[in-house]
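Notes follow the structure.
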Amino acid sequence: MKSMDETPTLHRYRIEDRAEVLDFVREVYPAPVSARMISQWTWKHEANPYTWPAGPAVDFLRVGNKLVSLATGFRLRLWMGGIECLGENRGTWIVHPEYRRRNMWARIGALQATDSPVLIGWSRLPPRVVASVEFGNDPLRPLLRILDAGPLAAHITQLPSFASIGAAASAAGRMIARPFRRTRDRRNGVVTRIEAFDERVDELCARVRNPEQATVVRDHRYLNWRYPQRPDATYLMFGLERAARLDGFLVARMSTYLGMRWGNLIDFLAADYARDLPALLAVAMEEFRRGQVAAVSCYATDLAARGALFRSGFFPIPQRKPIRFVHFIRPDRPDLAKFKAVKAWYLTMGDGDLELAS
Ligand SMILES: CC(C)(COP(=O)(O)OP(=O)(O)OC[C@H]1O[C@@H](n2cnc3c(N)ncnc32)[C@H](O)[C@@H]1OP(=O)(O)O)[C@@H](O)C(=O)NCCC(=O)NCCS
């Protein structure tokens, strides 16, 4: 047991620290987690388009010469209701088991040392632990659409996240029975599979951003880094074009969950959700059906997006311990304080590293 008076020091990661930091990752995480973190490391932290010249948004603590804790993140361009700034997604946070319960990060004032006005992330830690490092947090529940109830029914008792198996099963039954509403008028929008994003998505993003919302800026530099360049996953990406203009996009991913083929709507943006999201969803669902997907899940906070998803057969899933969106807004930025409420954010599963852990 180390003595309690050993004072930790805070360090900002530089590329020269990589070997030592990755050794720490191997030591403190189970092998599958460390393998994933190492395979994503350079892409996620060093090659992120908004990494500052000062270096990646990765901090660590030393006690003496020993690296004892790591907090990793990456920069994001944020639109905070009319104010553009760079923020940070804060992902991994770990303290070496021999150094836990010393409240080191709060004691050292690590948050006060950050140069970003806004930090965001996702957490499954109990709210009081998140609050102990001054982060606010709000639960977020997924939306689900059943495509094939057969495999789902066989697995329903194993689904750890369902609060009420009966509620989920009857909801599944209702959704299967109800015919999905068709899009009435797609007004000549054409949905195509895309391999990369071009500058037209920057224009779409600027056109649809809401002066009352906070959101990650989905420009082509960010989206191409986040999806097609990710080293350890493959995404299906769709764009909706109307004449030469891009009016929406959808990023989806197929995976395996409890032995079932599973679909995820990772990210989306649309000029008009009621009109454009169903057109994008219809094409994604065809791909999912071809891939024999049992169910599709997503996260969405935007009311117009949720409305379009509900009309397309998605329904919210109650969960006993939902994931929490966590956020820190510097106290010296009262102009951003209204974004402490999750309902003021445009969020999807693609934001931060919610989906990067799979
Ligand atoms: C979460 C973690 C970084 C906190 O670091 P720490 O230096 O121990 O933090 P603190 O000293 O402020 O103590 C945190 C408190 O939260 C509690 N806590 C930590 N993880 C917890 C969990 N998963 N469930 C319930 N309580 C938890 C600790 O027991 C402690 O309680 P106490 O105040 O009553 O003693 C550390 O516990 C850790 O490395 N956990 C494993 C990795 C992890 O879960 N990271 C978070 C997700 S990225």
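Read the figures in this text as sums done on the coordinates, not as results from a lab. Values in this document were obtained by computation on a predicted structure and should not be read as measured data. Cβ sites come from the backbone with ideal geometry, for glycine too, and all protein chains shown count toward neighbours.
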Problem - Environment charge of Arg306, counting only residues whose C-beta is closer than 12 Å and scoring Lys/Arg +1, Asp/Glu -1 - result: +2
Completion exercise
For the chain, the helices passing both cut-offs (Cα extent along own axis of 20 Å or more, Kyte-Doolittle mean at least -0.5, full DSSP H runs) are 273-290
Practice task
Can you grab the distance from the C-alpha centre of the range 234-251 to the C-alpha centre of the range 75-132, Å, no decimals?
Solution key: 33
Problem - Taking the C-alpha atoms of the chain, convex hull volume expressed per residue in Å³ - result: 140
Fill in the blank from the handout: One finds, for Asn103 and Arg221 with R0 = 41 angstrom and r their Cβ-Cβ distance, a FRET efficiency to the nearest 0.05 of 0.60
Practice task
Assuming R0 = 51 Å, can you tell me the calculated FRET efficiency for the pair Thr42 and Phe310, based on Cβ-Cβ distance, to the nearest 0.05?
Solution key: 0.80
Practice task
Loop only per DSSP, at most 12 neighbouring Cβ atoms within 10 Å: give me the GluC sites (Glu not before Pro) in the range 184-285, ordered by residue number.
Solution key: Glu195, Glu199, Glu212
Problem - For the chain, size of Cβ-based charge dipole, Lys and Arg +1, Asp and Glu -1, in debye - result: 1220
Completion exercise
Relative contact order as a percentage, the range 8-138, C-alpha pairs under 8 Å and 6+ apart, gives 21
Fill in the blank from the handout: Restricting to Cα pairs under 8 Å and 6 or more apart, the percent relative contact order of the chain works out to 22
Handout entry: 25 °C / 0.890 mPa s Stokes-Einstein diffusion coefficient of the range 8-138, Kirkwood radius on C-alpha pairs, µm²/s
Key = 158
